[in-house]
Amino acid sequence: MAVIKTENLSYVYGEGTPFRKVAVDNVNIEIDEGELVGVIGHTGSGKSTLIQHLNGLLKPSSGKIFIDGEELWLDKSRLRPIRFKVGLVFQYPEYQLFEETCYKDIAFGPKNMGLSDAEIDRRVKETARLVGLSADILDKSPFELSGGQKRRVAIAGVMAMEPKVLILDEPTSGLDPKGREQILGLIREYHQEKKNTVMLVSHSMEDVAKNCSKILVMNSAKVFCYDTPVNVFHRSRELEQMGLSVPQITRVFNRLKAMGYDFGEDVYTVDFGRKLLLQVLSGEKKLKE
Amino acid sequence: MLKDITIGQYFPGNSPVHRMDPRVKLVLTMAFIVMLFMSSSFYGLLVGIVYTFMAFAASRIPFKMMFKSLKPIIPIIIFTAILNILFVRTGDVLWQLGFIRITQQGIHTAVFMVVRIVCLIVGTSLLTYTSSPIELTDAIERLLSPLKKLKVPVHELAMMMTIALRFIPTLIEETDKIMSAQKARGADMETGSIIKRARALIPILIPLFVSSFRRAEELALAMECRCYHGGEGRTRMKQMKTSAVDYVSIVITAAFIGAVVVINILV
Ligand SMILES: Nc1ncnc2c1ncn2[C@@H]1O[C@H](COP(=O)(O)OP(=O)(O)OP(=O)(O)O)[C@@H](O)[C@H]1O
Ligand SMILES: [Mg+2]
C-alpha cells in the first residue's frame, strides 16, 4: 500500500488578493513504502509547497492527502501523531536550532513525542552516529559549529524521531561539493539502514539520478511525471524544454547517439556509463546498428 | 496565519490615487483626519463618509479590503460604543436599570464616535494600500527635512523606519518558517496552560533573534560596501513630483473641508 497518496491536491497562496498564486495544481501521486524519491523541478515549481502538505503543515485548498491510508485533516487532533510519522527537514534547517547543546536540540523532537529518557538517549546517540557527529560535538552549542555540522545536527533532529517517511527539502543547498556528497551519503545510509521511505527535494539531476529509485518531476505547479530514473531521463528532450538539465553523462550519451554511436540504453550515472563504454570497447557488447 | 495582517499592505496599481505624490497623499490624509474631527454634526460626518468612499472608488482597491482593514479594530469599536452609551448621562433618558442609564445623547455620541473611527481607519489604510512603505518614509523624510536645521536626525530616523518596514514581511515569513519547522518536530503551540505556551515560544524566538542579528550584520556590511554614509549629498532614484492629479485632489479635499466648515456654521 502507498504510504503517501494525494488526490487532486491543489494549493493557492493569497486567495482573494492580487498576489493569488496557484502553487500546487491538481496533484495525484502515490508513493510506495521503501522508495527513495527524488523531487525535482525548477525554482517556483511548487516542490516546497507540495511537501509541506504531506505532514499537515499546509492545509490543501482542495483535494485530499492520505498518509498510511489515513486521511489528513479529517480530525485535527490526529495531525500531531501524523507529524511524527512524516518527518520534514526544511531548507536551511540549521536556522531552526535553538537549544544550548546539540544533544538537547536533537532530543527536542523525540521529547515532544513523549518518549522515555532512555529511549531519547538511545535515539540521539544513534542518529548522531548516523549523521557522523562525534560525542564531543553533542555537548557543544549548535551556534559554535560550522555550517555543515549545523546542518547535520538539524537533520539528526528530525531523523531521531524515526519517522516512517523522511522528507528533506534541498538538504545540500549552500554546501560545498564535499559537504553535499557527505550529506547525500548519510541520507543514503539512513535509507538503507532503516528501509523506510525518503523524499529528497533537489536541484541537481546528478544527485537525484545517482541516489533515487523514483523521480518526481514538478513543472509549473503540476506533476510532470513520477517514474523510475530510466523512464524519466528517457524523456530528456522534454526535460530540457522545461529548463531542467539532465545529468551531464546523459547528455554525453545522447550526443554520441546523435553522432551514430547508439549504445541502446539510457545512461544517467557515470558508473553505468563507464561500464557500458568498457563493455563496448572490450567487444563484450555491440553498438546498435 | 501571520500573513493575514493587512496593516501596511501595499496593493500595487496604477489608479489616480496610486499616482499621487506620496507627500501630498500624506498631507491630505492628515487634512482628512482633521476634517473628521472638525465636523460636529451628522451632516459634517456625512461629508467625511462621502469623501472616504470617493477616495476608495478612485483607488480601484476592492471595497472588501475596507472591511479587512476594519477587522482588527472591531473590539476597539465595540468598546468605544459601549463606553459612550454607558457614560454619557445627559439628554433624554431612554432606558434605566439601577445606575445604568441609557440616554439619547449617549446613543448619539456612540454612533458619532463609531462612524468617526471607522472613517479614520478606512481612510488611513487607503494611504498604506496605495503607497509602498518606502514611498511613505521617503515622503515623511522630505516633509520633515526642515527639522534638520534643528539638528534632528531626520534622514537617520527615516532610514531606520525604512529598514524596519522593509523587514517586517521578511520577519513574518521567517517566523512562519521557523514555526513550521518546529511544528514538524512536534512542537505544540496551541494547547496547554499559558506558561506552557509561553515556553513553547522559546524554540521560535531564539532562532528568530539569531537570524535577525545575522541579518542586521549582513545588511550593515552590504550598505557599507556600497559606500552608504548617511543622508549627506544622497540623491534619489525616484524623484517625487507633484502633478495634475495632486492639484486636483488638493482642490477636492479643500472643497470638502470647506463644506464641513460651512455645515458647522449653519447647523
Ligand atoms: N508563503 C508564500 N506566499 C505566497 N506565495 C508563495 C509562498 N511560498 C511560495 N509561494 C509561491 O508559490 C510558488 C511555489 O513555491 P515553492 O516554494 O513551492 O517552489 P519550489 O519549487 O520549492 O522552488 P525552489 O526550488 O526555489 O525552492 C512560487 O511561485 C512562489 O512564488
Ligand atoms: Mg523550495
Original post:
Along its principal axes, what span do the Cα atoms of segment A:2-244 show, with the longest given first and each in whole Å?
Top reply: 49, 42, 37
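How big is Rg to Rh over chain B, alpha-carbon atoms, Rh as the Kirkwood inverse-mean-distance radius? List each step's numbers first, then the result.
On the way: Rg = 23.4 Å, Rh = 22.3 Å.
A ratio of 1.05.
Using the structure shown, select from A:LYS21/A:LYS194; B:LYS149/B:LYS241; A:LYS178/A:LYS275; A:LYS194/B:LYS196; A:LYS64/A:LYS125 the pairs with a Cα to Cα distance greater than 27 angstrom. Walk me through the intermediate numbers first.
Working: A:LYS21/A:LYS194 38 Å; B:LYS149/B:LYS241 23 Å; A:LYS178/A:LYS275 24 Å; A:LYS194/B:LYS196 34 Å; A:LYS64/A:LYS125 37 Å.
Where the Cα-Cα span goes over 27 Å, the pairs concerned are A:LYS21/A:LYS194; A:LYS194/B:LYS196; A:LYS64/A:LYS125.
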Original post:
What is the dipole size for the protein assembly as shown, taken about its Cα centre, with +1 at each Lys and Arg Cβ and -1 at each Asp and Glu Cβ, in debye to the nearest 20?
Top reply: 1260
**OP:** First measure r as the distance between the Cβ atoms of A:LEU74 and A:GLU181, then evaluate 1/(1 + (r/R0)^6) with R0 = 30 Å and state the FRET efficiency to the nearest 0.05.
**Re:** 0.10
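For the protein assembly as shown, what does the alpha-carbon gyration tensor say about shape, rounded, prolate or oblate, given a ≥ b ≥ c as the root eigenvalues, a/c under 1.5 as rounded, and a/b over b/c as prolate?
Working: a/c = 2.29, a/b = 1.89, b/c = 1.21.
Note, shape of the protein assembly as shown comes out prolate.
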Original post:
Using a basic spin-label model with each label point 7 Å from the Cα along Cα→Cβ, how many nm lie between A:LYS125 and A:SER220?
Top reply: 5.5
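For A:LEU216, B:LEU94, A:LEU74, write out the residues from largest to smallest accessible area, computed with a 1.4 angstrom probe and no ligands counted. Let's see the in-between values first.
On the way: A:LEU216 0, B:LEU94 105, A:LEU74 130 Å².
Listed by decreasing accessible area, they come as A:LEU74, B:LEU94, A:LEU216.
Which sequence of B:SER249, A:SER116 reflects their accessible areas, 1.4 Å probe, from the largest down? The partial results should precede the final answer.
Details: B:SER249 20, A:SER116 70 Å².
Greatest to least solvent exposure: A:SER116, B:SER249.
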Original post:
Which listed residue (A:ILE137, A:SER173, A:GLY41) has the Cα farthest towards the positive end of the charge dipole for segment A:2-244, taking +1 on Lys and Arg C-beta and -1 on Asp and Glu C-beta about the Cα centre?
Top reply: A:GLY41
Original post:
Hey, rough spin-label estimate for A:VAL230 and A:VAL270, points 7 angstrom out along Cα→Cβ, what's it come to in nanometres?
Top reply: 2.3
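Taking only DSSP H segments of four or more residues, each worth -39500 (n - 2.57), what value at 222 nm results for the protein assembly as shown once the sum is divided by all its residues, to the nearest 500 deg cm²/dmol? All intermediate terms of the calculation are to be shown ahead of the outcome.
Working: 23 runs with 300 residues, N = 556.
Dividing the helical sum by the residues of the protein assembly as shown leaves -17000 deg cm²/dmol.
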Original post:
Going by alpha carbons, how many degrees (0 to 90, nearest 10) lie between the helix axis of A:147-159 and the longest principal axis of chain A?
Top reply: 70
Subject >> For segment A:2-244, share of DSSP beta bridges that run antiparallel, in % to the nearest 5 >> reply: 55
**OP:** When you have a sec, figure out the Kirkwood radius of segment A:16-97 from all distinct Cα pair distances and drop it here in Å to one decimal?
**Re:** 14.5
**OP:** Identify, among A:ALA154, A:CYS102, B:MET35, the residue whose Cα sits farthest towards the positive end of the charge dipole of the protein assembly as shown, taking +1 on the Cβ of Lys and Arg and -1 on the Cβ of Asp and Glu, with the dipole about the Cα centre.
**Re:** B:MET35
Subject >> Listed residues A:GLY16, A:ALA118, A:GLY185: farthest to the positive end of the dipole of segment A:2-244 (Cβ charges) >> reply: A:GLY16
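Once the Cβ-Cβ distance between B:ALA216 and B:LEU143 is put in as r, and R0 is 25 Å, what FRET efficiency do you end up with, to the nearest 0.05? Walk me through the numbers on the way to the answer.
Numbers: r = 28 Å, r/R0 = 1.10.
Calculated value: 0.35.
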Original post:
In segment B:186-267, what GluC sites (Glu not before Pro) fall in a loop by DSSP, with at most 13 other Cβ atoms inside 10 Å?
Top reply: B:GLU190, B:GLU232
Original post:
Over all pairs of distinct alpha carbons, what does the Kirkwood formula give as the hydrodynamic radius of segment A:99-222, in Å?
Top reply: 15.2
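Once fully extended, how much extra length lies between B:LEU46 and B:ASP176, figured as 0.36 nm per residue of separation less the alpha-carbon to alpha-carbon distance?
Working: separation 130, 0.36 × 130 = 46.80 nm, distance 4.20 nm.
Net length gain for the segment: 42.6 nm.
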**OP:** Calculate, for B:MET30 and B:ILE134, the FRET efficiency according to 1/(1 + (r/R0)^6) with r their C-beta to C-beta distance and R0 22 Å; round to the nearest 0.05.
**Re:** 0.65
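Looking at chain B, identify the longest residue range that excludes and avoids all trypsin sites (Lys or Arg not before Pro) in DSSP loops having at most 13 other Cβ atoms within 10 Å. Present the calculation step by step, with values, prior to reporting the outcome.
Values: sites that count: B:ARG89, B:LYS151, B:ARG226, B:ARG234, B:ARG236, B:LYS238, B:LYS241.
The longest uninterrupted stretch comes out as B:1-88.
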**OP:** For B:TRP95, A:TRP73, give the ranking by accessible area with the largest first, probe 1.4 Å.
**Re:** B:TRP95, A:TRP73
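The values are calculated or read from the model by the stated rules, or taken from the named source; none is laboratory data. Everything numeric in this text was worked out from a predicted model, so none of it was measured. Because the Cβ atoms are built from the backbone with ideal geometry, glycine has one as well, and the counts that use them run over all protein chains shown. Remember, those area values only see protein heavy atoms, side chains included, never the ligands or the DNA or RNA. Shrake-Rupley method; radii C 1.70, N 1.55, O 1.52, S 1.80 Å.
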